[in-house]
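Reviewing the structure listed below.
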């Protein structure tokens, strides 16, 4: 079995809330990520799904150390990123890159594509100025863009092309792990399929480890090997993508899966849907015990008492629910 | 007689960079109580179609070049502003995609929900508030009596969308135009809102035009569906036919691109190329440059939307002539 390239142990990321005008008082914190333990294998595509506000983007930013962790450890190849020195961290950044959701906002409008792609190469001393051109051309071809477009600015490209540029930029340093935060959510269906194909092809060819964040379960099912479902800062279910989505165990995953509209009128009109009442609760003051219990159709008194841990259920699957056996 | 009949609608935008033909000859009709889905990618003209009907196109730069939208005997595109005001917001309402920006942040929700009543009906503030409260409860806002006096920022995204639906339906319109009302919401909240629209439509017997890019949403909600591309209608049919036997290559391609319908582990079917540039005149079929079945005839002349069976029309000349096998499209590409 390939070694785990990325290890997350009880990772917590809280954002403090301050109130008061002159004297700031610490009055609480937003528990965006609250105890996530996860190992990612070399070459694996891990899908991370959940509703907005469940902490999936914060988890992504925590992995890249773009926000400081409150507790727990993130280690890349055995190196704890929280305690790493600046030079160690700089080296780690080569191996750890990110693709953002909005290709309209993540590219600097005043930098040409050439400048955007050559910057990481020069900063990290991958090549000399003389060799940059060759590298940039190669990157452009890698993501399916003609090298002659390199002198253009981001606004001259369509959304899908911009996302290709963002992917090229993330791959410039030949990273081992790429975190993609909703890379296709802003794109149309036909363009979305092109970018998904590109990502899975690059993963295969470069043996990339990809953490793919999305709220669209069908996209995640297609691209991922394993999927982790998050709710209010915690992972509630984890397992092989097709199994988790076709046969969900946790009540939240079940509701989430049943909420996706199926593009087939015959199926769509005759199926039972679990419609969850209300909105996800606030991560400032999460409910006691299982955070899902106020919306869960199967909640009992015991659910309010203690936070359920992720327990194995079936082959390489885990879920955090105390009533798994009763629910079948 | 249909409730709304749109004929040959053309809405163009005249900008410094040229003329954008956002909607380029669109005709359709909506019966009372019917749900019509308009599906298309961004830039296909589906929203502009709705905005044109509602008279919300900023002119200039926009200009409605031709066409009519007959609503119960009144042409919404040509009637006087006074007549338009008496229909808009009362008999035809609209809900928008983004509940964060389409409510006024400075006004209490109560003010915004009663506004259409005060404008369109001879009703006292007190009675209007009672009606608004009733509507707020009907759209599923708990504790409505208290929350009606809140400001929009005190509601979550899903709740704001409910407020907007309450606002649109408080006058009991005959036609509701919903422009991607669930796109900005999470799937679990989307399921709630779709259920709500379905239930209210049954109770109030109104017609709905539902604009979306999500074929899944259309499948569950709509009676009839029309697919738009490059400002034109490519295919229109009842939902079951459109999903089971699409005849236009674009509809088929769109359907094939959805990850949910494709086997895992294989490459997804993709439509090569980019959406059309509507700032340039498209002489032939708008989809021709990306179509795997393109022939010379497709590029020469703009194909008309023609009926192939009752209620099913499309604009592909080659499919009509029986020259191509549209069903084989996805599978062939998957193996290629």
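Number of residues in segment B:228-241 that are touching a helix residue (DSSP H, G or I) at 6+ places or on another chain (Cβ under 7 Å), within 12 Å of chain A (Cβ to nearest Cβ) and touching a residue at least 24 places away in the same chain (Cβ under 8 Å) equals 2.
One residue stands out in segment B:271-294 among those that are without any contact (Cβ under 8 Å) to a residue 24 or more places away in the chain and in a loop (DSSP other than H, G, I, E, B): the one that is farthest from the other protein chains (Cβ to nearest Cβ), namely B:283.
Among strands (runs of 3 or more DSSP E) entirely within segment A:1-76, having at least 2 residues that are within 14 Å of another protein chain (Cβ to nearest Cβ) and touching a helix residue (DSSP H, G or I) at 6+ places or on another chain (Cβ under 8 Å) singles out A:45-49. Does residue B:308 qualify as being touching a helix residue (DSSP H, G or I) at 6+ places or on another chain (Cβ under 7 Å) and touching a residue at least 60 places away in the same chain (Cβ under 8 Å)? Taking the combined requirement at face value, the residue satisfies it. For segment B:211-227, filtered to residues that are touching a strand residue (DSSP E or B) at 6+ places or on another chain (Cβ under 7 Å) and part of a loop (DSSP other than H, G, I, E, B), the residue that is nearest to the other protein chains (Cβ to nearest Cβ) is B:213. For segment B:166-205, a residue qualifies if it is in contact with a strand residue (DSSP E or B) (Cβ under 9 Å, 6 or more places away or on another chain), within 11 Å of chain A (Cβ to nearest Cβ) and in contact (Cβ under 8 Å) with a residue 40 or more places away in the chain, and exactly one does: B:183.
Residue count for segment B:103-147 under the criterion of being in a loop (DSSP other than H, G, I, E, B) and either farther than 23 Å from residue B:195 by Cβ or modelled with pLDDT of 85 or more (or both): the result is 10.
What number of residues in segment A:305-324 are assigned to a loop (DSSP other than H, G, I, E, B), touching a strand residue (DSSP E or B) at 6+ places or on another chain (Cβ under 7 Å) and surrounded by fewer than 13 Cβ atoms within 10 Å (Cβ to Cβ)?
1
Yes or no: residue B:65 in contact with a strand residue (DSSP E or B) (Cβ under 7 Å, 6 or more places away or on another chain) and surrounded by fewer than 22 Cβ atoms within 10 Å (Cβ to Cβ)? Yes; evaluated as a whole, the condition is true for this residue. Screening segment A:188-202 for residues that are under 20 Å from residue A:60 (Cβ atoms) and free of Cβ contacts under 8 Å to residues at least 60 places away in the same chain and picking the one that is nearest to the other protein chains (Cβ to nearest Cβ) gives A:196. Of all positions in segment A:121-139, at least one carries a residue that is under 28 Å from residue A:220 (Cβ atoms) and assigned to a helix (DSSP H, G or I). Within segment A:254-272, if we keep just the residues that are surrounded by 17 or more Cβ atoms within 10 Å (Cβ to Cβ) and not in a helix (DSSP H, G or I), the residue that is farthest from the chain's Cα centre (by Cα) turns out to be A:264.
Cβ separations smaller than 7 Å between residues 6+ apart or across chains give the following pairs from segment A:50-78 residues that are free of Cβ contacts under 8 Å to residues at least 40 places away in the same chain to residues that are surrounded by fewer than 17 Cβ atoms within 10 Å (Cβ to Cβ) and in a helix (DSSP H, G or I): A:65/A:89.
Is there a residue in segment A:238-251 that is within 13 Å of chain B (Cβ to nearest Cβ) and in a loop (DSSP other than H, G, I, E, B)? No, segment A:238-251 contains no residue that is within 13 Å of chain B (Cβ to nearest Cβ) and in a loop (DSSP other than H, G, I, E, B).
Of the residues that sit in segment B:145-155 and are within 14 Å of another protein chain (Cβ to nearest Cβ) and touching a residue at least 12 places away in the same chain (Cβ under 8 Å), which one is farthest from residue B:130 (Cα to Cα)?
Residue satisfying both the conditions and the ranking: B:155.
In the condition set (1) under 23 Å from residue B:317 (Cβ atoms); (2) part of a loop (DSSP other than H, G, I, E, B), residue B:251 is compliant with all but (2). Across segment A:154-212, the number of residues qualifying as closer than 21 Å to residue A:226 by Cα and assigned to a loop (DSSP other than H, G, I, E, B) comes to 8. In the set (1) surrounded by fewer than 21 Cβ atoms within 10 Å (Cβ to Cβ); (2) outside any helix (DSSP H, G or I); (3) more than 14 Å from chain B (Cβ to nearest Cβ), the condition left unmet by residue A:302 is number (2). The single condition among (1) within 9 Å of chain A (Cβ to nearest Cβ); (2) assigned to a strand (DSSP E or B) that residue B:208 does not meet is (1). When you scan segment B:50-60, do you find a residue that is modelled with pLDDT under 90 and in contact with a helix residue (DSSP H, G or I) (Cβ under 6 Å, 6 or more places away or on another chain), even just one? Yes, because at least one residue in segment B:50-60 is modelled with pLDDT under 90 and in contact with a helix residue (DSSP H, G or I) (Cβ under 6 Å, 6 or more places away or on another chain).
Condition check ((1) closer than 30 Å to residue B:150 by Cβ; (2) touching a residue at least 24 places away in the same chain (Cβ under 8 Å)) across all residues:
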| residue | (1), (2) |
| --- | --- |
| B:1 | no, no |
| B:11 | no, yes |
| B:14 | no, yes |
| B:45 | no, yes |
| B:65 | no, yes |
| B:98 | yes, yes |
| B:113 | yes, yes |
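Scanning segment A:141-153 for residues that are part of a helix (DSSP H, G or I) and either in contact (Cβ under 8 Å) with a residue 12 or more places away in the chain or within 13 Å of chain B (Cβ to nearest Cβ) (or both) yields A:142, A:149, A:150, A:151. Just one of (1) within 10 Å of chain A (Cβ to nearest Cβ); (2) in a helix (DSSP H, G or I); (3) touching a residue at least 40 places away in the same chain (Cβ under 8 Å) fails for residue B:266. It is (2).
Give segment B:14-67 a look and list any residue that's under 20 Å from residue B:2 (Cα atoms), in a strand (DSSP E or B) and within 14 Å of the chain's Cα centre (by Cα), or say none. Matches in segment B:14-67: B:26, B:27, B:28, B:29, B:30, B:35, B:36, B:37, B:38. If you check residue B:266 against the conditions, is it at pLDDT below 85, surrounded by fewer than 15 Cβ atoms within 10 Å (Cβ to Cβ) and out of contact with any strand residue (DSSP E or B) (no Cβ under 7 Å at 6 or more places or on another chain)? Here the answer is yes, as residue B:266 does meet what is asked.
The values are calculated or read from the model by the stated rules, or taken from the named source; none is laboratory data. Owing to the predicted nature of the structure, the values given are computational and were not obtained by experimental measurement. Virtual Cβ from ideal backbone geometry, glycine too; neighbours counted across all protein chains shown.
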